[in-house]
Number of protein chains: 2
Amino acid sequence: METVTIKDIAKALNLSTSTVSRALRGSYEISPETKKVVLEYAEKINYRPNPIALSLKENRSRSIGVIVPEIDNPFFSQAINGIETIVYNRGYHALIFQSYESYQREVINVQHLASRRVDGVLISLSGQTTDIDHLRELQDKGMPIVFFDRFSDEINTHKVIADNFDGAFKATEHLIKSGRRRIAHIAASASLSITKERINGYRAALNKYQRPIDDTLIKYCGYSLVEVDNVIGELLADSNPPDAIFTASDRLAVSCLTALKNKHVDIPKQIAVVGFTNLKVAHLFDPPLSTVMQPAMEMGQTAAELLLDLIERKSKAPITYQTIKLPTEMIIRESC
Amino acid sequence: METVTIKDIAKALNLSTSTVSRALRGSYEISPETKKVVLEYAEKINYRPNPIALSLKENRSRSIGVIVPEIDNPFFSQAINGIETIVYNRGYHALIFQSYESYQREVINVQHLASRRVDGVLISLSGQTTDIDHLRELQDKGMPIVFFDRFSDEINTHKVIADNFDGAFKATEHLIKSGRRRIAHIAASASLSITKERINGYRAALNKYQRPIDDTLIKYCGYSLVEVDNVIGELLADSNPPDAIFTASDRLAVSCLTALKNKHVDIPKQIAVVGFTNLKVAHLFDPPLSTVMQPAMEMGQTAAELLLDLIERKSKAPITYQTIKLPTEMIIRESC
DNA sequence: AACGTTGCCGATAACGATTGCGTAAATTTA
DNA sequence: TAAATTTACGCAATCGTTATCGGCAACGTT
């Protein structure tokens, strides 16, 4: 990879590198003629400044790091699209990393981003993460961090989340109102903020309608079909099995439907199902899947804007961190 | 972002930076005692080498660039997962960029990757791309490039593709064998290699069974529901409408199903549908969608391995570029 | 005539890490 | 004991870019 540098221009035009540099940046100290010559030659030989040299010199990279649990999940890929639109428009780049729901991988990613001198980090925590020292260290070094979707209370910074409580509340309420009497909830990793919020919404709806809360109906569960299948097995084996299931995530909803179909359970007659997913194909399902949708793209955009504001702010005044909660939407289809 | 550098270590231990550097790299020129002191102190203050400085010096970054049309597409996100597994195991990082099917965006991404000094590029072309000068230039500068899925014939390099011809052939053949008499094909962007290969497979199957090839049954189409809806409208309005549709991509299959359902077409009775998709939820559809699946993850892995081999090869001997074709799998469900 | 101002530009030092070369001290060899 | 060699380290250049500092004309001002 041979590349054109500012030195090549300087040598060719018999100028110093400083003059070339200044000419390229339009400094007033350089005469219009010199500027013209330099700019034209730079254009001609297709000069591109080396961002690596800039990063080294300025200790910043005009790029941000984005850590998500998994790209192969429509919620996160849509959020990333939101992030990129904002970030590009403001002259930055997004470096995307996946934790694959692994704590260890998340720590490695965080360290790598730090050494890459990203100017800030957007992160949605892995399902395994309980200890957030790696992020606290990063923040202590002065790195701006913004959480989206899955956050930790132990770090004081901007957070952009969906109204998980309200989404879960609406889903549970709808099931109650449509006559379901025993509503189970299949939740994701217990350590996640979204899990807690959604369970709280579920409980609150049951409370509002004076329904008993049966903790055996709340199942924490990994994403794999095997795990979900086991959980569904337990629920169905109960002497008083549920007539509805509210599922707390994309992956869980899909595994749940698959498991129920494998067991030839009639949806919604025998068991109604509501998911919490951003699948764009839920309307094609049999039956069409009712779901609580999150404004994934908007969450990404909002988080990116907050992060860039943090990065670019000049004032040394203490920051008032915000938690922005975006509304969820309940989409009712035939699965409930 | 204050960070620890080799200088800090040198100053603290009263050594020169060169000694510290060599000690950290385990050079034989450094005495065991000095090494020990340096390593322990580096560990203690949590020293991490600055990859940016290394990139600048060595003109390489131990990272590769990956350009895909869109992450929010299961085929590509799965391929990326395959790429990352390989790349990480071999000590590299993957920088992921999206062209959003835009030629202009693809060019910008390519240039950015070049200036970032990635050691190689994995790319799947955007649907708009017909001119590949941006890639040719890059290759001329010595940048290793490997195509996966969507390639260009005009660049001589490794290519990893699915057996699109065979997949399309099998899909069409299955439709013929199950008694369908007029089989339409909804194709993606005409300029894409995958489009051509799939159309050829479709034609070959029709030929084999001596069916007439009616070019009005082949529709090139964008991904949006509106466009697909129009195309379906045209097909249905025909005096002799098709009784089967073979759809050439993830997005098209979904839009196609949606459009057919909106028009209350009975699938598969009135029209059978086969997709070409990596949707992990196709079995949940109504009706379960028959589909040709590509080994997305494996394609990513293979492409990544080829690229890393190109990057790390020492010999100056001319390279024999390969085109690796991985088998597709036809999954028959109730939609046909 | 002496000095200050302004316009235009160059030399140099940094950013962090590596590396070829030089060299003093320690050790071995003759 | 002197010479030769080895050991163990420091110096300085390098990668591409910019900021700082300064130089040097050509002016104008007193």
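The values are calculated or read from the model by the stated rules, or taken from the named source; none is laboratory data. This is a predicted model, so every value here is computed, not measured. Glycine gets a Cβ as well: all are built from the backbone with ideal geometry, and neighbour counts include every protein chain shown. Areas reflect the complete protein model, heavy atoms only, side chains present, ligands, DNA and RNA absent. Shrake-Rupley method; radii C 1.70, N 1.55, O 1.52, S 1.80 Å.
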Seminar exercise, completed: In Å³ per residue, the alpha-carbon convex hull of region B:225-324 encloses 136 Å³
For this session: Considering Cα pairs under 8 angstrom that are at least six residues apart, work out the relative contact order of region A:254-336 and quote it in whole percent.
Result: 41 percent
Problem set entry | Within 10 Å of each Cβ in A:182-194, the average number of Cβ atoms from other chains | 0
Exercise. Between copies, how far does the label point of A:ALA12 sit from its twins, in nm, shortest first, when each point is 7 Å from Cα along Cα→Cβ?
Worked result: 4.6
Seminar exercise, completed: Taking a crude spin-label model, label points 7 Å out from Cα along the C-beta direction, the B:SER18 to B:GLU234 distance in nm is 7.2 nm
Problem set entry | Packing-based ranking, highest mean first, of A:183-192, B:277-286 given that Cβ atoms within 10 Å are counted | A:183-192, B:277-286
Problem set entry | Inter-copy label distances at B:LEU225 (7 Å, Cα→Cβ; nm, one decimal) | 2.8
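How much of the accessible area of the protein assembly as shown, probe 1.4 Å, is carbon plus sulfur, in whole percent?
For the protein assembly as shown, the apolar C and S fraction of the accessible surface comes to 50 percent.
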For this session: Could you list which residues have their amide H under 5 Å from that of A:ILE331, counting only those 5 or more apart in sequence or on another chain, with H placed in the peptide plane?
Result: A:THR291, A:VAL292, A:MET293
Seminar exercise, completed: Given Cβ charges of +1 for Lys and Arg and -1 for Asp and Glu, the option among B:SER249, B:VAL231, B:TYR220 whose Cα lies farthest towards the positive end of the dipole of region B:212-253 is B:SER249
For this session: Using +1 at the Cβ of each Lys and Arg and -1 at the Cβ of each Asp and Glu in chain B, identify which of B:ILE332, B:PHE76, B:THR130 lies farthest towards the dipole's positive end.
Result: B:PHE76
Exercise. Which value in nm describes the separation of the simple spin-label points at B:THR320 and A:ASN46, placed 7 Å from the Cα toward the beta carbon?
Worked result: 3.1 nm
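Using square roots of five times the C-alpha gyration tensor eigenvalues, list the equivalent-ellipsoid semi-axes of region A:164-293 in whole Å, biggest first. Mind showing how you got there, number by number?
Values: eigenvalues 70, 54, 47 Å².
Equivalent ellipsoid of region A:164-293: 19, 16, 15 Å, largest first.
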Exercise. Amide H to amide H, which residues 5 or more places from A:ALA244 or on other chains are under 5 Å from it, using H placed in the peptide plane?
Worked result: A:ARG182, A:ALA184, A:ALA272
For this session: Using +1 at the Cβ of each Lys and Arg and -1 at the Cβ of each Asp and Glu in chain A, identify which of A:THR17, A:TYR209, A:GLN139 lies farthest towards the dipole's positive end.
Result: A:THR17
For this session: Please report the base-10 log of the normalised intensity I(q)/I(0) for region A:6-49, using a Debye sum with one equal scatterer per alpha carbon and no solvent, at each q in 0.17, 0.24, 0.32 (1/Å).
Result: -0.35, -0.72, -1.30
Seminar exercise, completed: Of all DSSP beta bridges having both residues in the protein assembly as shown, the percent classed as antiparallel (nearest 5) is 10 percent
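When you look at the Cβ of every residue in B:50-56, what mean number of other chain Cβ atoms sits within 10 Å? All intermediate terms of the calculation are to be shown ahead of the outcome.
Numbers: counts 6, 6, 12, 3, 2, 7, 7.
So the per-residue partner count for this stretch is 6.
Report the extension gain between B:ASP309 and B:SER224 in nm, rounded to one decimal, defined as 0.36 nm multiplied by the number of residues separating them, less their alpha carbon distance. Intermediate values should be presented prior to the final figure.
On the way: separation 85, 0.36 × 85 = 30.60 nm, distance 3.85 nm.
Going from the current span to full extension adds 26.7 nm.
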For this session: With only Lys, Arg, Asp and Glu charged, each at its Cβ (+1 for the first two, -1 for the last two), find how big the charge dipole of the protein assembly as shown is about the Cα centre; round to the nearest 20 debye.
Result: 960 debye
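For A:THR34 and A:GLU58, calculate 0.36 nm times their separation in residues minus their Cα-Cα distance, and state this gained length in nm to one decimal. Spell out each step's value before the answer.
Details: separation 24, 0.36 × 24 = 8.64 nm, distance 2.63 nm.
Once the chain is fully extended between A:THR34 and A:GLU58, it gains 6.0 nm.
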Seminar exercise, completed: Listed by chain and number, the residues whose amide H is under 5 Å from that of A:ILE324, excluding neighbours fewer than 5 places away on the same chain and using placed H, are A:LYS159, A:VAL160, A:ILE161
For this session: Please work out the Kirkwood hydrodynamic radius for region B:124-222, using every pair of different C-alpha atoms, and report it in angstroms with one decimal place.
Result: 14.9 Å
Problem set entry | Sequence-separation-based contact order of region A:164-293, relative, with Cα cut under 8 Å and 6+ spacing, percent | 26 percent
Seminar exercise, completed: If one compares the long axis through the Cα atoms of helix A:74-89 with the longest principal axis of the Cα atoms of chain A, the angle in degrees, nearest 10, works out at 20 degrees
Seminar exercise, completed: Rounded to the nearest 10 degrees, the helix A:103-115 long axis (Cα) sits at an angle to the longest Cα principal axis of chain A of 20 degrees
Problem set entry | For region B:42-130, diffusion coefficient by Stokes-Einstein and Kirkwood Rh (Cα), 37 °C, 0.692 mPa s, µm²/s | 231 µm²/s
For this session: Give a residue-ordered list of calculated ³J(HN,Hα) values for region A:271-279 (Karplus: 6.51 cos²θ - 1.76 cosθ + 1.60, θ = phi - 60°; whole Hz; x for Gly, Pro).
Result: 9, 8, 10, 10, x, 10, 9, 10, 4
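With +1 on the Cβ of every Lys and Arg and -1 on the Cβ of every Asp and Glu, and nothing else charged, how large is the dipole of region B:164-293 about its Cα centre, in debye rounded to the nearest 20? Walk me through the numbers on the way to the answer.
Working: 16 positive and 13 negative charges, 69 e Å.
Once rounded to the nearest 20, the dipole reads 340 debye.
If you rank A:TYR103, B:TYR47 by how much accessible surface each has, with a 1.4 Å probe, what is the order from largest down? Walk me through the intermediate numbers first.
On the way: A:TYR103 70, B:TYR47 40 Å².
These residues rank, largest area first, as A:TYR103, B:TYR47.
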Problem set entry | Dipole magnitude of chain B about its Cα centre (Cβ charges: Lys, Arg +1; Asp, Glu -1), debye to nearest 20 | 740 debye
Exercise. Which of the lysines could be linked to B:LYS35 by a straight reach, that is with a Cα gap under 28 Å, when you skip same-chain ones fewer than 8 residues away?
Worked result: A:LYS141, B:LYS7, B:LYS11, B:LYS44, B:LYS57
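Local charge sum around A:LEU125 (other residues, Cβ-Cβ under 14 Å, Lys/Arg +1, Asp/Glu -1)? Mind showing how you got there, number by number?
Working: positive: A:ARG105, A:ARG136, A:ARG150, A:LYS159, A:LYS196; negative: A:GLU70, A:GLU101, A:GLU106, A:ASP131, A:ASP133, A:ASP149, A:ASP153, A:GLU154, A:GLU197.
Local net charge: -4.
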For this session: Compute the relative contact order of chain A as a whole-number percentage, counting only Cα pairs closer than 8 Å that sit 6 or more residues apart in sequence.
Result: 18 percent
Seminar exercise, completed: the protein assembly as shown: spread of alpha-carbon positions along the three principal axes, whole Å, largest first, is 77, 67, 53
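State the Kirkwood hydrodynamic radius of region B:1-86 in Å, one decimal place, computed from all pairs of distinct Cα atoms.
On the way: mean 1/r = 0.0635 Å⁻¹.
By the Kirkwood definition, the hydrodynamic radius is 15.7 Å.
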Seminar exercise, completed: With label points set 7 Å from each Cα along the Cα-to-Cβ direction at B:ILE331 and B:THR216, the distance between them in nm comes to 3.6 nm
Problem set entry | Diffusion coefficient, µm² s⁻¹, Stokes-Einstein with Kirkwood Rh over alpha-carbon pairs of chain B at 37 °C and 0.692 mPa s | 146 µm²/s
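Using a 10 Å cut-off around each Cβ of peptide B:88-95, what is the average number of partner chain Cβ atoms that fall inside?
Working: counts 2, 0, 0, 0, 0, 5, 4, 7.
The per-residue average across the peptide is 2.
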Problem set entry | Karplus-derived 3J(HN,Hα), 6.51/-1.76/1.60, for each residue of region A:42-55, Hz, glycine and proline x | 4, 4, 4, 8, 6, 6, 10, x, 8, x, 5, 4, 4, 4
Seminar exercise, completed: For A:249-259, B:315-325, A:303-313, A:20-30, ranked highest to lowest by mean beta-carbon neighbours within 10 Å, the order is A:249-259, A:303-313, A:20-30, B:315-325
Exercise. Which distances, in nm and shortest first, link the A:ARG333 label point to the same label point in every other copy, taking 7 Å along Cα→Cβ?
Worked result: 1.2
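Can you give me the Rg/Rh ratio for region A:1-150, using Cα atoms for both radii and the Kirkwood formula for Rh?
On the way: Rg = 20.2 Å, Rh = 17.8 Å.
Rounded to two decimals, Rg/Rh equals 1.13.
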For this session: Could you rank the peptides B:13-19, A:167-173 by their average count of other C-beta atoms within 10 Å per residue, with the highest value first?
Result: A:167-173, B:13-19
Problem set entry | Total formal charge among the other residues, if their Cβ is under 13 angstrom from that of A:LYS325, Lys/Arg +1 and Asp/Glu -1 | -4
For this session: Determine the sum of side-chain charges near A:THR216: Lys and Arg each +1, Asp and Glu each -1, restricted to other residues whose C-beta is under 9 angstrom from that of A:THR216.
Result: -3
Exercise. Helix A:164-177 versus the longest principal axis of chain A: what is the Cα-based angle in degrees, 0 to 90, to the nearest 10?
Worked result: 30 degrees
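Please give the per residue accessible area of chain B, computed with a probe of 1.4 Å over protein heavy atoms only, in Å².
Per-residue accessible area for chain B comes out at 43 Å².
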